[in-house]
Amino acid sequence: MAEVSVDTLEAQLAALEGEESEARVDALNALAFELPLVEVPRRLALSREAHALADRLGYTLGKARAAGLEGLAFYLRSDHEEALLCLTEALSVFESLGAREELFPFRGALAGVHSSLGNYEEALTIALDNLYVLREQGDEQSVGWVLHGLSGAYLELGDVQQALDYGMEALNLFTRLGYAIGQGRAHSSVGTALRELGRYDEAFGHHEISLQLFREMGEPVGESRALNDLGALCQAMGDYRQALDFHS
């Protein structure tokens with residue numbers, strides 16, 4: 001999807017108010033895609049509206065795009081089972097239509113979902129393939145998300161140094177892009193890898209930054225995850241009172 005400002009997309013959608021048309025489906029999907037990632041409820045509402053309208057119109061490509069965007073919203077909300085259903089539906093349709101260019105914004109999310117559900121080998125296969133293509137395309141933000149997903153997958157497979165390396169690469173990329181939500185997630189990945197390596201002071205610093213970023217963005221899911229990370233770290237350090245404070 002081509003990048004257009006959110007204000008422009010809002011105006012385009014408003015101009016199509018009440019229409020039962022493929023153009024309105026496209027406008028709903030485009031706005032859902034370009035909204036900041038912290039606006040998860042609205043992204044989900046727009047993509048659901050697009051999905052229902054595309055279904056009524058028999059607009060297959062628009063329906064698949066909407067399903068993919070629903071899946072991305074569920075992934076950001078940590079609702080991984082729902083995300084898997086939506087993303088699998090979308091990618092299956094894109095493949096059947098030969099619309100490979102539509103796949104890549106969603107394959108990174110699918111790799112992350114598989115990693116979160118414990119399907120690590122599948123996550124790695126998807127992510128490594130996606131990483132090569134996205135780097136060729138120069139899509140740096142998507143590259144960052146794939147690197148973040150690889151960090152999580154390698155951590156679960158027990159390759160902590162590889163997890164740290166991918167996490168740092170994601171963090172450096174998101175920092176250069178000034179992409180706060182990506183920075184918050186990457187700090188979490190790096191902190192968790194450092195905790196597993198016993199580098200507790202460094203880990204604490206990364207988790208504190210993650211918490212600060214998510215609080216500044218008003219992103220409750222990220223804030224909750226950061227507090228949980230800090231609690232787990234304090235527990236590993238033997239500071240159970242502080243761990244309880246973070247978990248409560």
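The values are calculated or read from the model by the stated rules, or taken from the named source; none is laboratory data. Given the structure is predicted, the values throughout are model-derived calculations rather than measurements. Note that we place each Cβ from the backbone using ideal geometry, even for glycine, and neighbour counts take in every protein chain shown.
Tabulated data for the structure shown
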| read-out | value |
| --- | --- |
| Residues of the range 52-88 satisfying the condition of being over 28 Å from SER224 (Cβ atoms) and surrounded by fewer than 18 Cβ atoms within 10 Å (Cβ to Cβ) | ALA52, ASP55, ARG56, LEU57, GLY58, THR60, LEU61 |
| Residue satisfying all of: in the range 19-67; over 21 Å from TRP145 (Cα atoms) and among the β-branched types (Val, Ile, Thr); nearest to the chain's Cα centre (by Cα) among these | VAL25 |
| Residues satisfying the stated conditions in the range 48-87, i.e. over 28 Å from TYR120 (Cα atoms) and either among the polar types (S, T, N, Q) or not in a helix (DSSP H, G or I) (or both) | GLY58, TYR59, THR60 |
| Pairs, first free of Cβ contacts under 8 Å to residues at least 60 places away in the same chain and crowded, with 22+ Cβ neighbours inside 10 Å in the range 181-209, second acidic (Asp, Glu) and in a helix (DSSP H, G or I), C-beta under 7 Å, six or more apart | SER188/ASP229; GLY191/ASP229; THR192/ASP229; LEU194/GLU202; HIS207/ASP229 |
| All positions within the range 227-246 that are exposed (fewer than 14 other Cβ atoms within 10 Å of the Cβ) and either in a helix (DSSP H, G or I) or in contact with a Leu (Cβ under 6 Å, 6 or more places away or on another chain) (or both) | TYR240, ARG241, LEU244, ASP245 |
| Qualifying residue in the range 210-226 (condition: surrounded by fewer than 18 Cβ atoms within 10 Å (Cβ to Cβ) and outside any helix (DSSP H, G or I)) | yes |
| Unmet criterion (only one of (1) over 14 Å from GLY108 (Cα atoms); (2) in a helix (DSSP H, G or I)) for ARG135 | (1) |
| Residue ID - nearest to THR192 (Cα to Cα), chosen from residues in the range 138-155 that are in a helix (DSSP H, G or I) and over 15 Å from the mean Cα position of the chain (by Cα) | LEU155 |
| So LEU171, is it in contact with a His (Cβ under 7 Å, 6 or more places away or on another chain), under 21 Å from GLY205 (Cα atoms) and modelled with pLDDT of 90 or more | yes |
